[in-house]
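For reference, the structure discussed in these notes is given below.
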Amino acid sequence: MSDPGDLLAQAWQHLARGVADRRAPARHPVLATVSPDGLPEARMVVLRAASESAGTLEIHSDSETPKVAALHARPVAALHVWVPKARLQIRMSAEVEILTGAQVMAQWEKVPCAARVSYGTEPAPGKPIAQAHDYAQPGDPARFAVLHCILSRMDLLQLDTPHRRAVYCRQDLWQGTWVAP
Ligand SMILES: Cc1cc2nc3c(=O)[nH]c(=O)nc-3n(C[C@H](O)[C@H](O)[C@H](O)COP(=O)(O)O)c2cc1C
């Protein structure tokens, strides 16, 4: 493989598969943000949409979660995916828009009833409770947030023999450059 574009195309195939297939490795990226006091925070999420042409990803969350508070303060994130069979690590940097309310009602309508309970937990996620199950999950469309991640950079590492690594930037129109692994 001499064209870094081929590795990028492979990465987008895995991201698309993550959206479509619950068992695909890219189904569950790790999303890292910076807390309001400047500390790194990472957690697993579900990949809900991926657009290669726009260079964007989408994640759904509850607007009252600490990660959304972090993104209000600093609207940047890193995402990480490991695809074992392809031995491919996908690292992404993004600016994140938090979409709620009328902007996301069409998407809320498509969320299956069983999944709607994930948005609107009372008390809000991360708040202390007396017992493990002292919470309710009424499902609240007003708490449904779409995290629209506008990728700025991708860093792909493939552990073939020998290893290869390439970085890609939106500002270079995702042209890509090989870098030492
Ligand atoms: C497999 C898996 C998938 C998850 N998917 C999501 C998700 O799509 N959106 C989300 O907000 N939290 C998701 N979570 C829960 C988060 O990892 C996290 O525990 C929760 O959102 C609170 O994070 P925060 O306190 O950093 O905001 C998922 C957790 C696991 C283990």
Select from region 40-49 the residues that are closer than 19 Å to residue 144 by Cα and either assigned to a helix (DSSP H, G or I) or more than 10 Å from the ligand (Cβ to nearest atom) (or both) and list them in ascending order. 49
As an exercise: evaluate residue 26 against (1) assigned to a helix (DSSP H, G or I); (2) surrounded by fewer than 17 Cβ atoms within 10 Å (Cβ to Cβ); (3) not charged (D, E, K, R) and give the number of the one condition it does not meet. (2)
Taking region 57-75 as the search range and keeping residues that are in a strand (DSSP E or B) and charged (D, E, K, R), which one is nearest to the ligand (Cβ to nearest atom)? 62
If I ask for residues that are of a type in the set (Gly, Ala, Ser) and either in contact (Cβ under 8 Å) with a residue 24 or more places away in the chain or within 14 Å of the ligand (Cβ to nearest atom) (or both), which ones from region 121-138 would you list? 124, 126
For residue 87, work out the one condition from (1) closer than 19 Å to residue 13 by Cβ; (2) buried (at least 18 other Cβ atoms within 10 Å of the Cβ) it doesn't fulfil. (2)
All positions within region 161-174 that are surrounded by 12 or more Cβ atoms within 10 Å (Cβ to Cβ) and not in a strand (DSSP E or B): 170, 174
Can you go through 78, 94 and tell me which one is buried (at least 17 other Cβ atoms within 10 Å of the Cβ), within 14 Å of the ligand (Cβ to nearest atom) and in a strand (DSSP E or B)? 78
So which residues in region 10-39 are of a type in the set (Gly, Ala, Ser), within 10 Å of the ligand (Cβ to nearest atom) and more than 10 Å from the chain's Cα centre (by Cα), if there are any at all? 35
Residue 156 fails exactly one of the following numbered conditions: (1) outside any strand (DSSP E or B); (2) of a type outside the set (S, T, N, Q); (3) over 14 Å from the mean Cα position of the chain (by Cα). What is the number of that condition? (1)
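Here, each number is a calculation from the coordinates, and none is a lab measurement. Computed from a prediction, not measured in an experiment: that's the story for all the values here. Backbone-built Cβ (ideal geometry, glycine too); neighbour counts: all protein chains shown.
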